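One structure is given below, encoded as structure tokens.
The values are calculated or read from the model by the stated rules, or taken from the named source; none is laboratory data. Everything numeric here is computed off the predicted structure, so don't read it as measured data. Cβ coordinates were reconstructed from backbone atoms using ideal geometry, including for glycine residues, and neighbour counts include every protein chain displayed. Surface accessibility is based on the protein's heavy atoms, side chains included, excluding ligands, DNA and RNA. Shrake-Rupley method; radii C 1.70, N 1.55, O 1.52, S 1.80 Å.
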Amino acid sequence: RLVHLDLKGAAPRAQYLEQVLPLLRALGATGLLLEYEDTFPYTGPLELLQAPHAYSPEELQALLSWARAQGLDVVPLVQSFGHMEFVLKHRQFAHLREVKELPNALNPHKEESLALVKAMIDQVMALHEDLQWFHIGCDEVYYLGEGEESKQWLQQQNNTPEKLCLSHIKAVATCLAWSYPMVTPIVWDDMLRGMSEQTLAESGVPQLVQPMIWDYTTDINVEGKVQLIEKYRRCGFSKVWFASAFKGATGANQSLTLTGHHLRNQLEWLQVAQRSPADVLEGIALTGWQRYDHFAVLCELLPVAIPSLAVCLQALKNGGFSEKVKENVENLLGMPNLEIETFMSPSLGTFPGSSVLTLVTQISFHLKSSVDELLERNRYCTGWFSPYHRKRKIVHPIIVHHLQPDAVRLFSKWNAVVQDLQAAMEPVFHRCAIEEWMEENVQPHLQRLQEVVDDLDEA
């Protein structure tokens with residue numbers, strides 16, 4: 001049971017992860033799937049891939065040793081085909097794009113593309129020891145076959161986009177097997193699902209990698225998944241993985257986690273597992289997407305989703321979710337009455353980062369609605385201090401008397417909440433993540449409030 005930490009957005013500080021790892025272990029995690037993207041401390045020509053808040057080699061070594069101390073296996077994830085925006089957005093690597101204008105997919109025809117992937121893998125490998133698996137991504141390779149070189153290649157007899165995809169996966173996996181024979185590559189399975197058994201079997205890919213079948217919905221086609229697993233077996237794949245989600249899969253700008261949705265997703269996967277051959281399943285990764293892709297906004301922050309993660313891990317560990325399992329989750333999180341079907345959780349919790357959850361919940365539920373209430377439903381504001389009046393600074397003094405105290409009080413209240421949230425986020429996140437979350441979720445509403453307070457003053 002791997003917990004996926006998507007570090008391409010709001011990557012937590014190493015010290016925060018140190019506090020969380022024992023909790024993950026207690027909840028039933030057996031490993032971590034670390035998707036580094038731009039937070040890995042790349043060096044040399046790859047140094048420009050590092051975000052300003054990337055982990056230092058020392059921080060990562062500490063994190064890996066904490067994981068080892070908790071008995072958690074670490075599986076690094078380095079994209080090697082699709083979702084390469086964090087590399088291909090840079091001018092120095094733009095010539096390796098499949099389609100010249102688009103920074104998402106790597107051109108599989110260039111030798112330099114493979115050399116780049118190998119250099120990334122080598123640097124990540126150098127910081128990790130005793131790895132059993134290494135995830136090479138390969139999901140959502142959009143626009144594959146649409147680059148100039150691919151178009152020419154596809155005109156040759158018997159060449160297809162499927163073969164193009166498989167040949168690159170094979171090249172990366174072979175590269176890994178050659179340098180690190182003890183490590184098994186994992187790939188996301190979405191590019192493989194629709195391929196014929198013959199195409200897959202003839203490619204040689206099934207002997208090299210383990211596919212990770214992902215589905216984050218609450219209505220998985222269980223029968224369809226069982227058939228897919230059987231198809232993968234017949235093609236020559238020795239083992240498969242599943243991938244569920246505990247957050248980051250219900251909306252690109254989701255700020256609160258729908259625990260009930262994610263719990264149902266795990267229960268569906270348990271059904272698939274029960275109907276699959278016992279020896280075929282290697283494990284499950286509980287994904288926690290932090291952005292839908294490199295250029296998207298932030299989804300739910302990690303501390304906000306910890307109750308969902310706890311429920312999901314415990315459901316998988318116990319083969320279902322009962323009142324007794326729920327009690328166990330509540331004890332481990334220090335949350336006396338955990339809500340699963342609704343967001344509102346009156347209790348604070350004692351898990352690391354629980355105050356972030358409490359304050360984010362308060363802001364997500366009440367900030368926008370309270371500002372709307374004042375500006376759109378308060379009769380003094382709509383009737384005597386409309387945008388027309390505000391622009392011209394016209395106001396009857398009695399209206400200021402009625403409206404100003406409410407506006408100032410509301411502004412002060414939210415300012416205090418926001419300051420509390422910033423203080424709660426400081427130990428968990430770097431400045432840039434806090435800034436981004438505030439600009440997306442707080443600033444637009446606070447600004448409207450600030451403006452009405454200023455306009456009342458001026459008028």
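Among residues of the range 272-294 being out of contact with any strand residue (DSSP E or B) (no Cβ under 9 Å at 6 or more places or on another chain) and over 19 Å from ASN221 (Cβ atoms), the one that is least open to solvent (accessible area, probe 1.4 Å) is HIS294. Within the range 221-249, work out how many residues are in contact (Cβ under 8 Å) with a residue 24 or more places away in the chain, open to solvent by 10 Å² or more (accessible area, probe 1.4 Å) and assigned to a loop (DSSP other than H, G, I, E, B). Of the residues in that region, 4 qualify.
Considering the range 172-198, the residues that are out of contact with any Lys or Arg (no Cβ under 7 Å at 6 or more places or on another chain) and part of a helix (DSSP H, G or I) include one that is most open to solvent (accessible area, probe 1.4 Å), namely TRP178. Against the test of being open to solvent by less than 60 Å² (accessible area, probe 1.4 Å), outside any loop (DSSP other than H, G, I, E, B) and assigned by the TED database to the domain that holds ASP73, the options LEU114, LEU144 yield a single qualifying residue, LEU114.
Against the condition part of a loop (DSSP other than H, G, I, E, B) and out of contact with any strand residue (DSSP E or B) (no Cβ under 7 Å at 6 or more places or on another chain), how does THR257 come out, does it pass? Against the criterion (part of a loop (DSSP other than H, G, I, E, B) and out of contact with any strand residue (DSSP E or B) (no Cβ under 7 Å at 6 or more places or on another chain)), THR257 does not qualify. When each of VAL428, VAL418 is tested for being under 19 Å from CYS299 (Cα atoms), surrounded by 16 or more Cβ atoms within 10 Å (Cβ to Cβ) and in contact with a strand residue (DSSP E or B) (Cβ under 7 Å, 6 or more places away or on another chain), the lone residue that passes is VAL428. On the stretch given as the range 122-138, residues that are open to solvent by less than 10 Å² (accessible area, probe 1.4 Å) and not small (Gly, Ala, Ser) total 5. Where helices (runs of 4 or more DSSP H) fall wholly inside the range 1-109, the ranges with 2 or more residues that are farther than 30 Å from ASN328 by Cβ, assigned by the TED database to the domain that holds TYR216 and open to solvent by less than 10 Å² (accessible area, probe 1.4 Å) are 85-88. Residues that are among the aromatic types (Phe, Trp, Tyr) and surrounded by 12 or more Cβ atoms within 10 Å (Cβ to Cβ): does the range 399-415 have at least one? Yes, because at least one residue in the range 399-415 is among the aromatic types (Phe, Trp, Tyr) and surrounded by 12 or more Cβ atoms within 10 Å (Cβ to Cβ).
Output the number of residues of the range 177-195 satisfying the condition of being within 18 Å of VAL141 (Cβ to Cβ) and either charged (D, E, K, R) or in contact with a helix residue (DSSP H, G or I) (Cβ under 9 Å, 6 or more places away or on another chain) (or both). Counting residues in the range 177-195 that are within 18 Å of VAL141 (Cβ to Cβ) and either charged (D, E, K, R) or in contact with a helix residue (DSSP H, G or I) (Cβ under 9 Å, 6 or more places away or on another chain) (or both) gives 9.
Checking LEU367, LEU348, LEU316 one by one, the residue that is open to solvent by 70 Å² or more (accessible area, probe 1.4 Å) and either without any contact (Cβ under 8 Å) to a residue 24 or more places away in the chain or of a type in the set (A, V, I, L, M, F, W, C) (or both) is LEU348 and no other. Of the residues making up the range 89-117, those that are within 25 Å of ALA243 (Cβ to Cβ), in contact (Cβ under 8 Å) with a residue 60 or more places away in the chain and over 24 Å from the mean Cα position of the chain (by Cα) number 1. Contact map, the range 34-45: first residue in contact (Cβ under 8 Å) with a residue 12 or more places away in the chain, second residue aromatic (Phe, Trp, Tyr), Cβ cut-off under 8 Å, separation 6 or more or different chains; pairs are GLU37/PHE86; ASP38/PHE86; THR39/TYR55; PHE40/TYR55; PRO41/TYR55. Of the helices (runs of 4 or more DSSP H) lying entirely inside the range 352-459, the ones with 2 or more residues being among the aromatic types (Phe, Trp, Tyr) and over 29 Å from GLU330 (Cα atoms) are found at 379-384, 397-425. Filtered by the rule that a residue be farther than 20 Å from ARG377 by Cβ and either polar (S, T, N, Q) or buried (at least 18 other Cβ atoms within 10 Å of the Cβ) (or both), the range 435-458 gives TRP437, ASN441, VAL442, GLN443.
With the structure loaded, tell me whether MET125 is modelled with pLDDT of 95 or more and touching a strand residue (DSSP E or B) at 6+ places or on another chain (Cβ under 9 Å) or whether it fails that test. Yes: the conditions hold for MET125.
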